[in-house]
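Participant: Next up is a structure, given as structure tokens.
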Amino acid sequence: PGSLFGLNKRDYWDWVEQLPNYIYNEKQNPFLMQTITSVKNSLKMRTSAGRGRCFIRLGLMKKILSVPVDYLLKNRKLTDYWYSRESIIGNAALAANFMSLLFEVTEVDFELAYKNASFLDESWILPIYVSLELPSVEDFGMVVCHVENRAIVTCVGPDSLAHRVHIEAGDCIDAVNDQCVYTANTKVSKLLDQSKEKLHLSVIKAKLTDGTPFAPLARRMLFLESYGTGSELLSNVVTVNSPTVRSAAPENAQLSLCTERVYQLVYLGKMEVDEGCGDALIASAVQQVLTGGDKPTSTALTVTDSVVTVQCTDGRKKVGTAYLCSIVTPEAFRP
């Protein structure tokens, strides 16, 4: 109930993932087992929906999409646990028709990039996925903002390496040397600094093959544009990567890759408490803010290497920016 296939417990990936535990009396299909293991171990998806979509892609390429359904249908108790009798899979006649369609699909050859899976939690659509092999250099000439753990390119300097390899504003840096940025929990600049000679960069393009924006990236860019994030850093990037200025730039200039982390927050209000107050007083202050009745305000918290700022908006209109603090790196820890 509630879905086309009558799924009544979570998501189809949940029973596919558990299927190897219920195959007793017959030999397990090795391709199916390998596919399930690959999807389970992938770091690019975090939801059952995303892993289910990835499983379908791999199943289409390996021509095994009918195998898990066949295993499920042979176990009536398991089928009844996951599907109602009125559903396509729960109904014997409809399930037979469904299986015949899955067999026909095996006649089609699919070529779907397995690495292009970073946005399966959000969308079925396949964005353009580009793999680049670049020299390891100090000056890339782009501004990267981290939004929801995605490294979004917001600005690209002219005559820069990023510009020459056709990286554009709105693109997403997916992986650096095969290390997924989404799960690395670190900034792109640090991953790039770890590169010695060759650099392998995986990029998800902001636009699809027909020129329309890729929705998950377009939504993040819209959020960044509403706060103007990255605009103050663009002049630095352009200057350092300009051939006419490079010769006069100091040798230790390192403004080529500026990174920010941007967090979407909702400002609910404030309550002043004395320094050193206990947990109980803080909990009471939080409760007063939550019940205070102030209008929630859309807010962006931006963290760079040196500054923490918060910016509030009313719709698309900026209503205020506050610098919370500056981050000072001791000389001993500076590069």
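The values are calculated or read from the model by the stated rules, or taken from the named source; none is laboratory data. On a predicted model such as this, the values are computed, not experimentally measured, just so you know. Here the Cβ positions follow ideal geometry from the backbone for every residue, glycine too, while neighbour counts run over all protein chains shown. With ligands, DNA and RNA removed, areas are computed over all heavy atoms of the protein, side chains included. Shrake-Rupley method; radii C 1.70, N 1.55, O 1.52, S 1.80 Å.
Participant: Which residue out of Leu101, Leu132, Leu120 is touching a residue at least 40 places away in the same chain (Cβ under 8 Å) and surrounded by fewer than 15 Cβ atoms within 10 Å (Cβ to Cβ)? Explain how you work it out, then say what you get.
Facilitator: Values: Leu101 fails: touching a residue at least 40 places away in the same chain (Cβ under 8 Å); Leu120 fails: surrounded by fewer than 15 Cβ atoms within 10 Å (Cβ to Cβ).
Of Leu101, Leu132, Leu120, the one residue that is touching a residue at least 40 places away in the same chain (Cβ under 8 Å) and surrounded by fewer than 15 Cβ atoms within 10 Å (Cβ to Cβ) is Leu132.
Participant: Can you tell me which residue in segment 44-76 is least open to solvent (accessible area, probe 1.4 Å), limited to those that are assigned to a loop (DSSP other than H, G, I, E, B) and closer than 22 Å to Lys27 by Cα?
Facilitator: Ile64
Participant: Taking Gln28 as meeting all but one of (1) crowded, with 17+ Cβ neighbours inside 10 Å; (2) more than 26 Å from the chain's Cα centre (by Cα), write down the number of the exception.
Facilitator: It is condition (1) that Gln28 fails.
Residue-by-condition table, conditions (1) touching a helix residue (DSSP H, G or I) at 6+ places or on another chain (Cβ under 9 Å); (2) modelled with pLDDT of 70 or more; (3) farther than 18 Å from Lys44 by Cβ:
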{"site": "Asp174", "(1), (2), (3)": "yes, yes, no"}
{"site": "Ser195", "(1), (2), (3)": "no, no, yes"}
{"site": "Ile204", "(1), (2), (3)": "yes, yes, no"}
{"site": "Ala215", "(1), (2), (3)": "no, yes, no"}
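Participant: I would also like to ask the following. Within segment 107-114, can one find any residue that is modelled with pLDDT under 95, over 31 Å from the mean Cα position of the chain (by Cα) and either of a type in the set (S, T, N, Q) or open to solvent by 30 Å² or more (accessible area, probe 1.4 Å) (or both)?
Facilitator: Yes, segment 107-114 contains a residue that is modelled with pLDDT under 95, over 31 Å from the mean Cα position of the chain (by Cα) and either of a type in the set (S, T, N, Q) or open to solvent by 30 Å² or more (accessible area, probe 1.4 Å) (or both).
Participant: Conditions: (1) touching a helix residue (DSSP H, G or I) at 6+ places or on another chain (Cβ under 7 Å); (2) open to solvent by less than 20 Å² (accessible area, probe 1.4 Å). Tyr83 meets all but one. Number of the miss?
Facilitator: Single failed check for Tyr83: (1).
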